[in-house]
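Take a look at the structure set out below.
The values are calculated or read from the model by the stated rules, or taken from the named source; none is laboratory data. As the structure is a prediction and not an experimental result, all values here were calculated from the model. Methodologically, a virtual Cβ is constructed for each residue, glycine included, from the backbone with ideal geometry; neighbour enumeration extends over all protein chains shown.
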Amino acid sequence: MLGQEALNALKQLLWTTPEDRVYALLDGASVPSLLDRLYAEPRPEFECLMHGELAPDMAEVAPYLVSVQRDGAFTDWLLTQGWGNHWGIFAVARTDIRPLWFHLRTLNVVYGPEGKPMLFRYYDPRVLRVFLPTCSPQQVKEMFGPVASFVAEADAPSMALSFAHVDGELQTSSRQVARAA
């Protein structure tokens, strides 16, 4: 659980300009009672990242794109309870949720060497921080689309990683957000 100082540091990292819109990409399989939180009042704007109508048990474990507000109760809960628990990643963009949702849904499936489709869990910080540095400039551009930056917890939850790019050249920075345990 993060304290107030770490919560403030993360918010400062996520909201660097007034134009920034911050979205959480959350893994329903990792976040306890995520659907209860999403449907609670005040209800955050969100979209499921899976295609089609889902059975209730699949909806429970599906990934979700959630618009988060700097001073929202959902945001405070998400950062204080979820940071360090691999609940998801954050995307900073200057677009509404729908165009971002359309883009992110294209990333859900990758194809193995024999052409077999596989679920790509890029919204897991453990996956994102390993995957992005291996990408070609074209892959980086495809991955980011309208996203200005991705923010994820590092191996040590006291650190945050920020990923951005210039013409496909990945730029990674780290920042301490909490005292190391």
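Worth pointing out:
- Once segment 76-86 is narrowed to residues that are touching a Leu at 6+ places or on another chain (Cβ under 6 Å) and more than 14 Å from residue 15 (Cα to Cα), the residue that is surrounded by the fewest Cβ atoms within 10 Å (Cβ to Cβ) is 80.
- Within segment 97-106, the set of residues being at pLDDT 95 or above and either in contact with a Ser or Thr (Cβ under 6 Å, 6 or more places away or on another chain) or assigned to a loop (DSSP other than H, G, I, E, B) (or both) comprises just one member, 97.
- Wholly within segment 1-84, helices (runs of 4 or more DSSP H) carrying at least 3 residues that are at positive phi and of a type in the set (S, T, N, Q): none
- Scanning segment 132-171 for residues that are of a type in the set (S, T, N, Q) and more than 13 Å from the chain's Cα centre (by Cα), we see that the one that is surrounded by the most Cβ atoms within 10 Å (Cβ to Cβ) is 158.
- Of the residues making up segment 58-90, those that are of a type in the set (S, T, N, Q) and closer than 18 Å to residue 32 by Cβ are 75, 80, 81, 85.
- Within segment 164-181, the presence of at least one residue that is touching a residue at least 12 places away in the same chain (Cβ under 8 Å), more than 21 Å from residue 24 (Cβ to Cβ), among the acidic types (Asp, Glu) and outside any strand (DSSP E or B) is confirmed.
- Of all residues making up segment 24-46, the number that are surrounded by 17 or more Cβ atoms within 10 Å (Cβ to Cβ) and of a type outside the set (A, V, I, L, M, F, W, C): 5
- In segment 85-96, the qualifying residues are those that are assigned to a strand (DSSP E or B) and either in contact with a Cys (Cβ under 6 Å, 6 or more places away or on another chain) or of a type in the set (A, V, I, L, M, F, W, C) (or both), and the one that is farthest from residue 176 (Cα to Cα) is 93.
- Qualifying strands (runs of 3 or more DSSP E) (wholly inside segment 109-153; at least 3 residues being touching a residue at least 24 places away in the same chain (Cβ under 8 Å) and in contact with a helix residue (DSSP H, G or I) (Cβ under 8 Å, 6 or more places away or on another chain)): 147-153
- Out of 109, 66, sole residue that is surrounded by fewer than 22 Cβ atoms within 10 Å (Cβ to Cβ) and of a type in the set (Val, Ile, Thr): 109
- Qualifying positions in segment 105-139 - aliphatic (A, V, I, L, M) and touching a strand residue (DSSP E or B) at 6+ places or on another chain (Cβ under 6 Å): 109, 110, 118, 128, 132
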